[in-house]
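Reading through the structure tokens given below for one structure.
The values are calculated or read from the model by the stated rules, or taken from the named source; none is laboratory data. Quantities reported herein were computed from a predicted structural model and do not represent experimental measurements. Counting neighbours? That spans all protein chains shown, and the Cβs are built from the backbone with ideal geometry, glycine included. Side chains are part of the model used for accessible areas, which takes the heavy atoms of the whole protein and leaves out ligands, DNA and RNA. Shrake-Rupley method; radii C 1.70, N 1.55, O 1.52, S 1.80 Å.
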Amino acid sequence: MHVNYNHPSALITSIVGEALVDGYLLLKNERLKMAAFQARDFVLENQISPGYFKKSSVYTGDHLNVDATCGAFLAKFGKMFSDSECLDAAKTAAEHICKCQFSDGAFPYTNEKKGNYQYCLNIPCIHYQGVTLYYLLKIIDSLDNGWLDHEFEKGIKWLASVQFPDGKFDWSRSGLMFAYYLSGAYAFSIPCFIYGTKWNSTYSENAEKALNVLGLNVKDIVNRWENASMISFPASIFTTFNTANIGNYPLSHRLFRFGYGMYRQFSRRRFSNSVNPEMFNLLSGILGIESSTIEPDNNFPDLFMTSEVLDCLSYSISRGSKNQS
């Protein structure tokens with residue numbers, strides 16, 4: 001159950017479904033197979049149009065990372081069980097995503113179908129650039145060809161362009177406020193940069209630098225957000241100002257985005273092992289904002305982020321082992 005809402009979700013079903021397929025492959029447990037087939041049916045039922053999957057009954061916009069995640073599950077399922085309908089749906093999802101790619105290589109969070117969001121989120125996001133590329137990579141692997149290489153190479157080039165020489169990302173180029181400074185962005189980028197070495201060997205350095213930054217945000221459980229010192233807080237005002245001006249939004253919403261960003265800049269610099277969202281809930285109530293996320297005024301160890309990091313790193317290892325064999 002999500003802490004703020006509990007509704008059927010094709011996104012989460014795809015993530016769980018992929019794990020069920022892996023579990024069946026390893027254990028040959030028929031219960032896992034049956035559950036995977038049920039997940040397959042549910043995801044296909046939530047395909048609104050070719051390549052466009054509804055995230056959940058609450059969020060109905062066309063999220064490209066959701067399309068990629070659903071496509072990755074269907075591709076793996078289709079390959080495992082020789083299901084042509086799933087394989088075709090996965091390929092269509094990848095083609096649909098690439099049609100929405102910006103000319104500079106970035107992927108928007110949503111396309112023009114904003115669903116029930118107040119404003120369209122047709123803006124670049126560093127975290128979801130990595131997420132979208134990561135699941136596109138899984139589709140490529142399952143379909144066993146490089147038919148998306150041109151678009152993928154453009155996506156990697158953009159991701160490298162927003163990485164500083166020290167490995168940290170330039171978050172002033174990332175416009176999605178609720179994904180601002182998520183530490184998982186570094187994990188998602190690693191397998192993508194490694195794949196990108198087929199075109200440019202220097203991408204291995206991008207991957208290594210991302211891994212180093214990720215390591216700074218891991219104790220035992222991964223931090224929710226990329227941490228920083230309070231000394232650097234004043235400089236973050238300029239970063240957040242640039243972020244708030246990404247997209248064609250009215251002034252009132254840009255001010256909201258700036259306030260949201262500065263709240264995140266403050267929060268990620270304070271660490272606690274517990275989560276207290278009272279301040280965020282108070283501010284949300286005053287401003288009349290409904291949010292599905294938890295935004296405490298401190299950074300914290302996040303098990304969900306940890307599971308995503310483990311998935312990305314283990315996938316990188318498994319791909320490397322296959323390439324060497």
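Summary table below
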{"read-out": "Count of residues meeting criterion [open to solvent by less than 10 Å² (accessible area, probe 1.4 Å) and either within 18 Å of GLU226 (Cβ to Cβ) or part of a helix (DSSP H, G or I) (or both)] in the stretch 118-130", "value": "5"}
{"read-out": "Any hit, the stretch 46-56, residues being in a helix (DSSP H, G or I) and β-branched (Val, Ile, Thr)", "value": "no"}
{"read-out": "Restricting the stretch 20-66 to residues that are of a type in the set (Gly, Ala, Ser) and under 24 Å from the mean Cα position of the chain (by Cα), the residue that is farthest from TYR134 (Cα to Cα)", "value": "SER57"}
{"read-out": "Scan of the stretch 264-280 for residues that are part of a helix (DSSP H, G or I), at pLDDT 90 or above and open to solvent by 30 Å² or more (accessible area, probe 1.4 Å), ordered by number", "value": "PHE266"}
{"read-out": "Cross-chain or 6+ apart pairs with Cβ under 6 Å, the stretch 80-97 first and surrounded by 16 or more Cβ atoms within 10 Å (Cβ to Cβ), then among the small types (Gly, Ala, Ser) and in a helix (DSSP H, G or I)", "value": "CYS86/GLY78; LEU87/GLY78; ALA90/GLY71; ALA90/ALA75; ALA93/GLY71; ALA94/GLY71; ILE97/ALA68"}
{"read-out": "Check on VAL21, of a type in the set (Val, Ile, Thr), surrounded by 14 or more Cβ atoms within 10 Å (Cβ to Cβ) and more than 23 Å from LEU137 (Cα to Cα)", "value": "no"}
{"read-out": "So ALA19, is it in contact (Cβ under 8 Å) with a residue 40 or more places away in the chain and assigned to a helix (DSSP H, G or I)", "value": "no"}
{"read-out": "The stretch 169-199, residues that are part of a loop (DSSP other than H, G, I, E, B) and open to solvent by 10 Å² or more (accessible area, probe 1.4 Å)", "value": "ASP170, TYR181, THR197, LYS198, TRP199"}
{"read-out": "Residue within the stretch 281-300 that is in a helix (DSSP H, G or I) and of a type in the set (Ser, Thr, Tyr) present", "value": "yes"}
